[in-house]
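Engineer: Mind having a look at this structure? Questions to follow.
The values are calculated or read from the model by the stated rules, or taken from the named source; none is laboratory data. Note that the structure is a prediction, hence the values are computed from the model and not measured. So basically every Cβ, Gly included, is an ideal-geometry build from the backbone, and we count neighbours across all protein chains shown. Just so you know, the surface numbers come from the protein's heavy atoms only, side chains and all, with ligands and any DNA or RNA stripped out. Shrake-Rupley method; radii C 1.70, N 1.55, O 1.52, S 1.80 Å.
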Amino acid sequence: MAPGKKGILERLNAGEVVIGDGGFVFALEKRGYVKAGPWTPEATVTHPEAVRQLHREFLRAGSNVMQTFTFYASDDKLENRGQNLKLSGAQINEAACDLAKEVASEGDALVAGGVCQTPSYLSCKSETEVKAVFKKQLEVFMKNNVDFLIAEYFEHVEEAEWAVQVLKTTGKPVAASMCIGPDGDMHGISPGECAVRLVKAGAQIVGINCHFDPMTCVKTVKMMKEGVEKARLKAHYMVQPLAYHTPDCSCQGFIDLPEFPFALEPRILTRWDMHKYARESYKAGIRFIGGCCGFEPYHIRAIAEELASERGIVAPGSEKHGMWGAGLEMHTKPWVRARARRDYWENLSPASGRPKCPSMSSPEGWGVTKGHTELMQHKEATSSQEMKHVMDMQKKVKSSA
């Protein structure tokens, strides 16, 4: 950490708002630097300029945390189902640390090294084997002396606990966020119990990321907070949700939606929705507020603008954005100038422009999770026989819906 910069716990203990960044894998997939499916972050090596630019855009929008682009950068994921990158997790993670540190030094931002769920866990590998995956990633983060560590995107609290236990050995602050909703993890363990277990494992910050929309995630963090307080434990809270509306999602979240991942755009939240999300998060006592898949820098800027008075600063990106559309006063068309006011945007119900589309979908919940044959992973490419099996399964599920 650079001299003069306060650490993550120092900021949270003081009641400060810490703004996270957004969803790198989705943002970079749209820009042509990440492949949908494996969702791996080799762009840190192959296209560092793209990753660096996105970091800078989030920093300019108001982010206080530059999270290393190390999502799914474990060796077991990089080698999964025919992936042949000829790059190791260590190479990718090293490059990710360099980029995050470089951009963090350009502002008042901290660097967070991140690990997430693994194919090894889904394939029922042992605790020792799964922890070895996390330890290998951790070596790079310690070498680069990141400011704190995040265990994120875990569907099963058991695996999240294992990750936290490994990260805690460093002595650095540890945050843990799960990709679950109000129904709990994939084995039905409630958000409150998940949070208690994560705190007992050593996490000082707990919360939710991905899989669900902002308000659902805030609701779930509230349930975590209730569980922690009932157990007479203490923690700080974080939330980094999707930028997509997901009122029709079930336990698995947005990956069960038929639109996932290539037709989610009609569900994107507006910047004004993000103002509401930021305010509800703050009211719930959450002080680490950011975003995950679908979040772009303008979404983060909206969070920073909503909480500008609480933070005491305005993000550099707001130089080109009048609060509540004030810049529209300069528009040439009078009917557009008339929209330069808060009450217009706060009360607008945006149309989708898709008259033949439904407002909600039917999730494709197959009911499989860790321990099921369909989730066993392997290094070989997915075979035509396996593809036929999943197509048959899809038809079966749809016919019984």
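Engineer: May I ask you to list the residues in segment 187-212 that are open to solvent by less than 40 Å² (accessible area, probe 1.4 Å) and touching a His at 6+ places or on another chain (Cβ under 7 Å)?
Structural biologist: Residue satisfying the conditions is I205 alone.
Engineer: Among (1) in contact with a Lys or Arg (Cβ under 6 Å, 6 or more places away or on another chain); (2) over 23 Å from G171 (Cα atoms), which single condition is R31 missing?
Structural biologist: Condition not satisfied by R31: (1).
Engineer: Here's something else I'd like to know. Is at least one residue of segment 376-394 hydrophobic (A, V, I, L, M, F, W, C), touching a Ser or Thr at 6+ places or on another chain (Cβ under 7 Å), surrounded by 12 or more Cβ atoms within 10 Å (Cβ to Cβ) and closer than 20 Å to P119 by Cβ?
Structural biologist: Just the residues of segment 376-394 that are hydrophobic (A, V, I, L, M, F, W, C), to begin with: 376, 381, 387, 390-391, 393.
Pick out the ones that are also touching a Ser or Thr at 6+ places or on another chain (Cβ under 7 Å) and you get 376.
Within this subset, residues satisfying the condition of being surrounded by 12 or more Cβ atoms within 10 Å (Cβ to Cβ) are 376.
Cutting the leftovers down to closer than 20 Å to P119 by Cβ gives us 376.
Within segment 376-394, one or more residues are hydrophobic (A, V, I, L, M, F, W, C), touching a Ser or Thr at 6+ places or on another chain (Cβ under 7 Å), surrounded by 12 or more Cβ atoms within 10 Å (Cβ to Cβ) and closer than 20 Å to P119 by Cβ.
Engineer: Which one is nearest to the chain's Cα centre (by Cα), of the residues in segment 351-365 that are open to solvent by 90 Å² or more (accessible area, probe 1.4 Å) and within 28 Å of L328 (Cβ to Cβ)?
Structural biologist: A351
Engineer: Right, here's the next one. Pairs only if they're at least six apart or on different chains, beta carbon under 6 angstrom, first in segment 348-359 and in a loop (DSSP other than H, G, I, E, B), second open to solvent by less than 100 Å² (accessible area, probe 1.4 Å) and at pLDDT 95 or above; list them, first residue then second.
Structural biologist: Qualifying pairs under 6 Å: S352/P266.
Engineer: Go through the residues of segment 45-55 one by one and say whether even a single one is hydroxyl-bearing (S, T, Y), in contact with an Asp or Glu (Cβ under 8 Å, 6 or more places away or on another chain) and at pLDDT 95 or above.
Structural biologist: No, because not a single residue in segment 45-55 is hydroxyl-bearing (S, T, Y), in contact with an Asp or Glu (Cβ under 8 Å, 6 or more places away or on another chain) and at pLDDT 95 or above.
Engineer: Is there any pair with a first residue in segment 264-280 that is more than 13 Å from N347 (Cα to Cα) and free of Cβ contacts under 8 Å to residues at least 40 places away in the same chain and a second that is charged (D, E, K, R) and surrounded by 19 or more Cβ atoms within 10 Å (Cβ to Cβ) whose Cβ atoms are under 7 Å apart and which are 6 or more apart or on different chains, and what are they?
Structural biologist: That search, which allows pairs on different chains as well, returns A278/E306; R279/E306.
Engineer: Can you run down the residue pairs with Cβ atoms below 6 Å, 6 or more apart or on separate chains, where the first is in segment 114-138 and free of Cβ contacts under 8 Å to residues at least 24 places away in the same chain and the partner is buried (at least 18 other Cβ atoms within 10 Å of the Cβ)?
Structural biologist: Final answer for the pair search is E129/S120.
Engineer: For segment 17-97, which fully contained helices (runs of 4 or more DSSP H) count at least 2 residues that are closer than 16 Å to H299 by Cβ and of a type outside the set (F, W, Y)? Explain how you work it out, then say what you get.
Structural biologist: Numbers: elements: 24-30, 43-46, 48-61, 75-78.
Those helices (runs of 4 or more DSSP H) span 24-30, 48-61.
Engineer: Now, a different point. Out of S105, S88, S126, I need the residue that is within 23 Å of E380 (Cα to Cα), of a type in the set (S, T, Y), open to solvent by 10 Å² or more (accessible area, probe 1.4 Å) and at pLDDT 95 or above. Which one?
Structural biologist: Working: S105 fails: within 23 Å of E380 (Cα to Cα); S88 fails: at pLDDT 95 or above.
Just a single option satisfies the conditions, and that option is S126.
Engineer: Listed residues E57, E29; which is farther than 20 Å from L110 by Cα, open to solvent by 10 Å² or more (accessible area, probe 1.4 Å) and over 13 Å from the mean Cα position of the chain (by Cα)?
Structural biologist: Details: E57 fails: farther than 20 Å from L110 by Cα.
E29 is the lone residue from the list that is farther than 20 Å from L110 by Cα, open to solvent by 10 Å² or more (accessible area, probe 1.4 Å) and over 13 Å from the mean Cα position of the chain (by Cα).
Engineer: I'd like the residue in segment 205-225 that is among the polar types (S, T, N, Q) and in a helix (DSSP H, G or I) and, out of all such residues, is farthest from T246 (Cα to Cα).
Structural biologist: T220
Engineer: Can you pull out every residue in segment 238-261 that is in contact with a strand residue (DSSP E or B) (Cβ under 7 Å, 6 or more places away or on another chain), open to solvent by 10 Å² or more (accessible area, probe 1.4 Å) and of a type in the set (A, V, I, L, M)?
Structural biologist: None; the set is empty.
Engineer: When the residues of segment 139-165 are filtered to those that are over 21 Å from Q240 (Cβ atoms) and either at pLDDT below 95 or of a type in the set (A, V, I, L, M) (or both), which remaining residue is surrounded by the most Cβ atoms within 10 Å (Cβ to Cβ)?
Structural biologist: Among them, the one singled out is V140.
Engineer: Only residues that are closer than 25 Å to G15 by Cβ, in a loop (DSSP other than H, G, I, E, B) and more than 17 Å from the chain's Cα centre (by Cα): list them for segment 265-287, please. So that I can check it myself, show each step before the final result.
Structural biologist: Of segment 265-287, the ones closer than 25 Å to G15 by Cβ are 274-287.
Cutting the leftovers down to in a loop (DSSP other than H, G, I, E, B) gives us 284-287.
Hits for segment 265-287 are A284, G285.
Engineer: Please indicate, with yes or no, whether at least one residue in segment 153-164 is closer than 23 Å to M66 by Cβ and in a strand (DSSP E or B).
Structural biologist: yes
Engineer: Within segment 213-237, take every residue that is open to solvent by less than 10 Å² (accessible area, probe 1.4 Å) and not aliphatic (A, V, I, L, M) and give me the one that is nearest to F26 (Cα to Cα). Before you say what the answer is, go through the steps one by one.
Structural biologist: The first filter runs over segment 213-237 and keeps only residues open to solvent by less than 10 Å² (accessible area, probe 1.4 Å), leaving 214, 217-218, 220-221, 224, 228.
Checking which are not aliphatic (A, V, I, L, M) leaves us with 214, 217, 220.
Working: P214: 17, C217: 19, T220: 23 Å.
Among residues in segment 213-237 that are open to solvent by less than 10 Å² (accessible area, probe 1.4 Å) and not aliphatic (A, V, I, L, M), the one nearest to F26 (Cα to Cα) is P214.
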